[in-house]
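K.L.:
Got a structure here, written out as structure tokens. Questions coming.
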Amino acid sequence: MRKINISRADFKTPHFEVLRLSAQFLRQAQILILAILHVFLRLKFSPSLNLNKLKRFETGSSILIFIILISGSTNLWAQESDLTPFPEKSYSLDDLYQIALMQSERIKISEEDLYIAERTREKAFSVLIPKFSAFGNYTRYSEEKMATDSVTLLQPESTTAWGARFDQSFTLNGKEFIALRITEDNIEKSKYDLNALKEEYLFYVASAYYDVLKAAYVIDIAMANVDRLETHRNAVNVQMKIEAVTKTALYRAEAELSKAKAALIDTKNKLRLAKTILSRIVGLDNDYEIKAPDFYKDSLLENDLDSLKQEALLKRAELKSLAVAKKISEDEIKFFKSDYWPTVSLEGVYTEMDQQPESSMVNDESLSVGVLLNFTIFDGGLRNAQIKESMAKNRQAELAEKDMSKEIATEVQEAYLDLHTQTSVLKSLEDQLEFARENYNAVTKQFKYGRANSIDAMDANTLLVTSEIRLLEARYNRRLAGLKLHRARGTFLEEITSRLKAKTGK
């Protein structure tokens with residue numbers, strides 16, 4: 001599996017600096033050794049030779065040379081360590097899928113929608129549970145008042161009351177259960193919406209991934225084109241020196257070479273842009289490598305088109321979401337029709353009361369249960385308007401489901417035909433590239449021996465470059481068309497998640 005390095009803007013390596021430093025060190029070491037050798041020869045052939053001095057000089061020189069060599073090697077190793085970049089992170093397409101699922105803001109927003117739907121169900125369920133509450137009251141009056149008979153207490157000094165109660169209200173036709181069912185269906189719809197968003201986002205990641213790969217390979221093609229045109233320009237110079245061609249051929253060669261260099265700069269900028277887009281979608285740093293995928297034959301074309309359409313109508317998350325939305329709209333009609341039914345409210349209250357001073361006329365403990373029946377006779381047409389509105393939303397949901405079914409069928413057919421087209425033209429483009437190479441080699445040899453002119457060589461090179469780019473685009477377009485067909489039939493996310501689970505074990 002080939003790795004495409006897209007981290008260096010200038011596509012150069014720092015090891016040239018290491019070679020330069022090595023050459024400087026070797027030159028300095030050679031000069032020092034020659035100087036020591038010169039002094040040694042002078043001492044050896046000197047008429048006043050001292051053997052002890054000569055031996056000490058040999059020992060000191062050997063130690064000095066050894067220290068210089070060791071320190072120079074250490075410095076070079078340190079320089080090379082500083083100049084050599086750290087290994088960059090390498091990502092396959094599955095790695096990018098996994099990172100995007102964890103870091104995408106759009107996916108996180110959809111996950112929050114699912115969380116909100118789950119909390120809404122909890123609120124709907126809470127309506128079915130009686131409400132229990134407790135209360136307490138303390139009142140202190142300005143003075144105690146008695147009746148004229150001095151026995152009956154008119155106003156106590158203080159009173160204290162406390163107790164508990166429960167309340168429960170429901171509609172006779174079970175409106176609350178309808179609301180609970182709607183919230184449960186809304187959770188299911190949110191899950192389908194989340195899966196649909198994940199499929200769309202991951203396909204966007206795959207498209208950006210293949211754009212980076214194509215841009216990287218186009219750079220290789222552009223660099224090879226510049227090399228060929230430089231070789232041709234040099235050949236034209238040779239031909240012009242022997243007066244086999246005119247100066248216009250050189251002008252044409254120089255113009256084509258400048259055009260190729262400009263195209264190379266443009267392709268490098270396109271690679272940087274493609275890299276930036278992929279980094280933004282997935283959430284990557286600027287320095288990374290991507291692994292090119294293995295090209296393999298897709299078995300999707302072996303399936304029947306009608307069977308692919310039927311599978312898409314059963315598995316597409318968008319269609320499942322609309323089906324649930326239609327079911328919700330039907331329940332909403334029942335929900336608003338429930339307003340014509342009476343509402344029953346139950347309540348129970350337990351109270352204890354104490355006052356100072358005490359009185360036999362006060363009921364210090366009580367327990368009561370009450371039932372309230374409420375029926376709306378006239379509401380100004382509100383219920384009728386709500387029912388008609390919900391019926392209109394139900395018709396919209398039915399139309400949206402039918403429209404999505406047609407759109408999915410068309411999308412499957414388009415993806416199927418696109419994959420069939422890309423697969424069919426691939427062999428023809430491979431043959432075209434082979435013939436273009438043979439033609440270029442033949443025309444180059446003919447130009448060398450004066451049997452072809454510069455225009456023929458330029459045309460052969462243009463045909464070769466065009467054939468290389470078309471074959472490159474066809475290979476990646478075919479792979480992307482296969483992913484598009486997987487997404488169209490509703491198996492794209494399922495295959496990715498199962499593959500990621502097999503790798504990570506989660």
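The values are calculated or read from the model by the stated rules, or taken from the named source; none is laboratory data. In this text, all values refer to a predicted model and were calculated from it rather than measured experimentally. Note that we place each Cβ from the backbone using ideal geometry, even for glycine, and neighbour counts take in every protein chain shown.
K.L.:
Do the conditions hold for Glu438, that is, is it of a type outside the set (A, V, I, L, M), surrounded by fewer than 16 Cβ atoms within 10 Å (Cβ to Cβ) and either in contact with a helix residue (DSSP H, G or I) (Cβ under 6 Å, 6 or more places away or on another chain) or under 18 Å from Gln310 (Cα atoms) (or both)? Break it down into steps so the answer makes sense when it comes.
P.N.:
Values: of a type outside the set (A, V, I, L, M): yes; surrounded by fewer than 16 Cβ atoms within 10 Å (Cβ to Cβ): yes; either in contact with a helix residue (DSSP H, G or I) (Cβ under 6 Å, 6 or more places away or on another chain) or under 18 Å from Gln310 (Cα atoms) (or both): no.
Against the criterion (of a type outside the set (A, V, I, L, M), surrounded by fewer than 16 Cβ atoms within 10 Å (Cβ to Cβ) and either in contact with a helix residue (DSSP H, G or I) (Cβ under 6 Å, 6 or more places away or on another chain) or under 18 Å from Gln310 (Cα atoms) (or both)), Glu438 does not qualify.
K.L.:
Please work out if Leu372 is modelled with pLDDT of 95 or more and either out of contact with any Leu (no Cβ under 7 Å at 6 or more places or on another chain) or over 30 Å from Gly174 (Cα atoms) (or both). Before the answer, list the steps.
P.N.:
Working: modelled with pLDDT of 95 or more: no; either out of contact with any Leu (no Cβ under 7 Å at 6 or more places or on another chain) or over 30 Å from Gly174 (Cα atoms) (or both): yes.
Here the answer is no, as Leu372 does not meet what is asked.
K.L.:
Tell me, which residue of the range 390-413 that is free of Cβ contacts under 8 Å to residues at least 24 places away in the same chain and of a type outside the set (Lys, Arg) is nearest to Tyr476 (Cα to Cα)?
P.N.:
Thr410
K.L.:
So, of the residues in the range 90-140 that are surrounded by 13 or more Cβ atoms within 10 Å (Cβ to Cβ) and of a type in the set (Phe, Trp, Tyr), which turns out to be nearest to Ser158 (Cα to Cα)?
P.N.:
Across the range 90-140, the extreme among qualifying residues is Phe125.
K.L.:
If you don't mind, another one. Any idea how many residues of the range 441-452 are buried (at least 17 other Cβ atoms within 10 Å of the Cβ) and either of a type outside the set (Phe, Trp, Tyr) or more than 25 Å from Val236 (Cα to Cα) (or both)?
P.N.:
Looking only at the range 441-452, we keep the residues that are buried (at least 17 other Cβ atoms within 10 Å of the Cβ), and these are 443-444, 447, 452.
Applying the additional criterion that residues be either of a type outside the set (Phe, Trp, Tyr) or more than 25 Å from Val236 (Cα to Cα) (or both) yields 443-444, 452.
The total comes to 3.
K.L.:
Which condition from (1) within 28 Å of the chain's Cα centre (by Cα); (2) surrounded by 17 or more Cβ atoms within 10 Å (Cβ to Cβ); (3) not hydroxyl-bearing (Ser, Thr, Tyr) is the one that Glu289 breaks?
P.N.:
Unmet for Glu289, out of (1) within 28 Å of the chain's Cα centre (by Cα); (2) surrounded by 17 or more Cβ atoms within 10 Å (Cβ to Cβ); (3) not hydroxyl-bearing (Ser, Thr, Tyr): (2).
K.L.:
Let me ask another. May I ask you to say which residue of Ser321, Ser359 is over 24 Å from Ala392 (Cα atoms) and among the hydroxyl-bearing types (Ser, Thr, Tyr)?
P.N.:
Ser359
K.L.:
Pairs needed: first member in the range 478-491, assigned to a loop (DSSP other than H, G, I, E, B); second member anywhere, at pLDDT below 90 and not small (Gly, Ala, Ser); C-beta distance under 9 Å; at least 6 residues apart or different chains.
P.N.:
What qualifies is Arg489/Leu300; Arg489/Asn303.
K.L.:
Let me ask another. Give me the pairs: first residue in the range 236-257 and under 14 Å from Asn461 (Cα atoms), second residue of a type in the set (S, T, N, Q) and at pLDDT 85 or above, beta-carbon distance under 8 Å, and six or more apart or on different chains, which are they?
P.N.:
Correct list of pairs: Glu256/Asn461.
K.L.:
From Phe170, Phe125, Phe166, grab the single residue that is touching a helix residue (DSSP H, G or I) at 6+ places or on another chain (Cβ under 8 Å) and in a strand (DSSP E or B).
P.N.:
Criteria check complete, one pass: Phe170.
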